[in-house]
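I have placed the structure first, in the form of structure tokens, so that the comments after it can refer back to it.
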Amino acid sequence: MDDFTGARAVITGGASGIGFGLATALLEQGAAAVALADVELGALDAAVDRLRAADLGGEVIGLTCDVTDPASVEATAEAAWQELGSVEVVCLNAGVFAGGAVWETTEADWDWVLGVNVRGVINGIRAFVPQLIDAGAPAHVLITASIAGIVAAPASGVYCTSKFAAVGLAESLHHDLQLSGATHVAASVICPGMVATNIDHGERNRPSALGDATDTPTSQLAVGAIADTLRSDAALDPLVGARHALAQAKAGRFYTTTHEGDLWDRLVGNQNDDRLAGRPPRFQMYE
Ligand SMILES: NC(=O)c1ccc[n+]([C@@H]2O[C@H](COP(=O)([O-])OP(=O)(O)OC[C@H]3O[C@@H](n4cnc5c(N)ncnc54)[C@H](O)[C@@H]3O)[C@@H](O)[C@H]2O)c1
């Protein structure tokens, strides 16, 4: 889609951070309606109130959704089509972070992070894409992965694994839409750099049955470094990042980022050099 005017959008993880930024930016760009879909109910109600109060034009609704649960995502899709009348933009954005060395990350952390960041995207594609194809109208699925889905970082193996999978899902979705002739549905992937959100305390939505997150010096290093960066001047305002990603998507870019400047070119360029030379990946900061 090269224009979001009049579009009706569903945004998973829409109650906070980049998801809320995407919803806001879509309304700014003339979307007719946005549905914030989220598992954190208090934050969801507050986000809906805040976005309605911003008075950007367009309808704002909130939908309870746990992206790890296929039935919940199906119900969200059904409710969105019913309440909004149609859906043209789907942002599969909900995500969580856990840190730690690959071998010390607990099974519960693998389940939680892969459940939200990978199964959540799969559930979203399965629930929304067939209807977007059948509707026959121009549509766009934007999957929020991460720079960590392109270039891996130390002490974050579970997160990087999940985000590499999210990038692979977006690329596969693109290929399958082309193969099936559903070229009215576009797919793209957002690979944010460091954005000032609440992802550093994502455990607020961690199911209690999974117990506590991995707690080791390495996981503390990762979580601490992220928290420090997100609370520093280096972290971007989520709305600024969302506007940039949407502008890139509208311009037809498949791989979009939140940051202006040479971050993407530098990281991907260095990575390609290492891959072509067969070298181990160098350590690269996401800023
Ligand atoms: N903040 C960053 O620097 C950064 C960088 C790269 C990628 N990302 C990605 O951006 C996306 C948004 O994260 P954010 O940084 O805005 O964090 P955030 O914590 O501010 O927002 C994440 C949202 O996802 C929701 N959520 C969590 N589990 C859910 C579930 N099971 N079902 C439905 N919703 C659920 C949360 O309630 C929250 O509203 C994530 O996919 C994240 O991995 C963030």
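The values are calculated or read from the model by the stated rules, or taken from the named source; none is laboratory data. Only a predicted model underlies this, so the values are computations on that prediction, with no experimental measurement involved. Cβ coordinates were reconstructed from backbone atoms using ideal geometry, including for glycine residues, and neighbour counts include every protein chain displayed. The area values use the complete protein model at the heavy-atom level, side chains included, leaving out ligands, DNA and RNA. Shrake-Rupley method; radii C 1.70, N 1.55, O 1.52, S 1.80 Å.
May I ask you to verify whether ALA79 is surrounded by 17 or more Cβ atoms within 10 Å (Cβ to Cβ) and over 25 Å from SER208 (Cβ atoms)?
On the way: surrounded by 17 or more Cβ atoms within 10 Å (Cβ to Cβ): yes; over 25 Å from SER208 (Cβ atoms): yes.
Taking the combined requirement at face value, the residue satisfies it.
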Restricting attention to the stretch 186-205, does a residue exist that is in contact with a helix residue (DSSP H, G or I) (Cβ under 6 Å, 6 or more places away or on another chain), among the acidic types (Asp, Glu) and within 11 Å of the ligand (Cβ to nearest atom)?
yes
Meets criteria (under 20 Å from LEU22 (Cβ atoms) and not in a loop (DSSP other than H, G, I, E, B)) for LEU246:
yes
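Suppose the filter is touching a helix residue (DSSP H, G or I) at 6+ places or on another chain (Cβ under 7 Å) and acidic (Asp, Glu); does ASP134 pass it?
Details: touching a helix residue (DSSP H, G or I) at 6+ places or on another chain (Cβ under 7 Å): no; acidic (Asp, Glu): yes.
So ASP134 does not fit the description; no.
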Which of the residues belonging to the stretch 62-76 are open to solvent by 10 Å² or more (accessible area, probe 1.4 Å) and closer than 23 Å to ILE18 by Cβ?
GLY62, LEU63, THR64, ASP66, VAL67, THR68, ASP69, SER72
Looking only at residues in the stretch 172-202 that are in contact (Cβ under 8 Å) with a residue 60 or more places away in the chain, assigned to a helix (DSSP H, G or I) and within 29 Å of ALA108 (Cβ to Cβ), which one is most open to solvent (accessible area, probe 1.4 Å)?
ILE199
Identify all residues within the stretch 13-30 that are more than 12 Å from ASN198 (Cβ to Cβ), open to solvent by 10 Å² or more (accessible area, probe 1.4 Å) and within 11 Å of the ligand (Cβ to nearest atom); write none if there are none.
none
Do we find a residue being basic (Lys, Arg) and open to solvent by 40 Å² or more (accessible area, probe 1.4 Å) anywhere in the stretch 261-275?
yes
Filter result for VAL96 (under 21 Å from HIS184 (Cβ atoms), open to solvent by less than 20 Å² (accessible area, probe 1.4 Å) and not small (Gly, Ala, Ser))
no
If we keep just the residues of the stretch 235-250 that are within 13 Å of the ligand (Cβ to nearest atom) and open to solvent by 50 Å² or more (accessible area, probe 1.4 Å), which is farthest from LEU26 (Cα to Cα)?
ASP237
Residue ranges of strands (runs of 3 or more DSSP E) in the stretch 55-167 with at least 2 members more than 14 Å from the ligand (Cβ to nearest atom):
59-64, 139-144
Somewhere in the stretch 219-230, is a residue of a type outside the set (Gly, Ala, Ser), assigned to a loop (DSSP other than H, G, I, E, B) and open to solvent by 40 Å² or more (accessible area, probe 1.4 Å)?
no
Please go through (1) closer than 25 Å to ALA170 by Cα; (2) out of contact with any Gly (no Cβ under 7 Å at 6 or more places or on another chain); (3) open to solvent by 50 Å² or more (accessible area, probe 1.4 Å) for GLU287 and return the number of the only condition it doesn't satisfy.
(2)
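Quick check, is ALA209 part of a helix (DSSP H, G or I), more than 26 Å from ASP237 (Cβ to Cβ) and within 16 Å of the ligand (Cβ to nearest atom)?
Working: part of a helix (DSSP H, G or I): yes; more than 26 Å from ASP237 (Cβ to Cβ): yes; within 16 Å of the ligand (Cβ to nearest atom): yes.
So ALA209 passes the test.
Give me a count of the residues in the stretch 38-54 that are open to solvent by 40 Å² or more (accessible area, probe 1.4 Å) and either of a type outside the set (A, V, I, L, M) or assigned to a helix (DSSP H, G or I) (or both). Walk me through it before giving the result.
At the first step, the residues of the stretch 38-54 found to be open to solvent by 40 Å² or more (accessible area, probe 1.4 Å) are 39-42, 45-46, 49-50, 52-54.
Then keep just the ones that are either of a type outside the set (A, V, I, L, M) or assigned to a helix (DSSP H, G or I) (or both); that gives 40-42, 45-46, 49-50, 52-54.
Here the count works out to 10.
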Of the listed residues (ALA33, ALA9), the one being under 18 Å from ALA80 (Cβ atoms), open to solvent by less than 20 Å² (accessible area, probe 1.4 Å) and either of a type outside the set (A, V, I, L, M) or without any contact (Cβ under 8 Å) to a residue 60 or more places away in the chain (or both) is ALA33
When you scan the stretch 73-121, how many residues do you find that are in contact with a Leu (Cβ under 6 Å, 6 or more places away or on another chain) and over 20 Å from ALA166 (Cα atoms)?
2
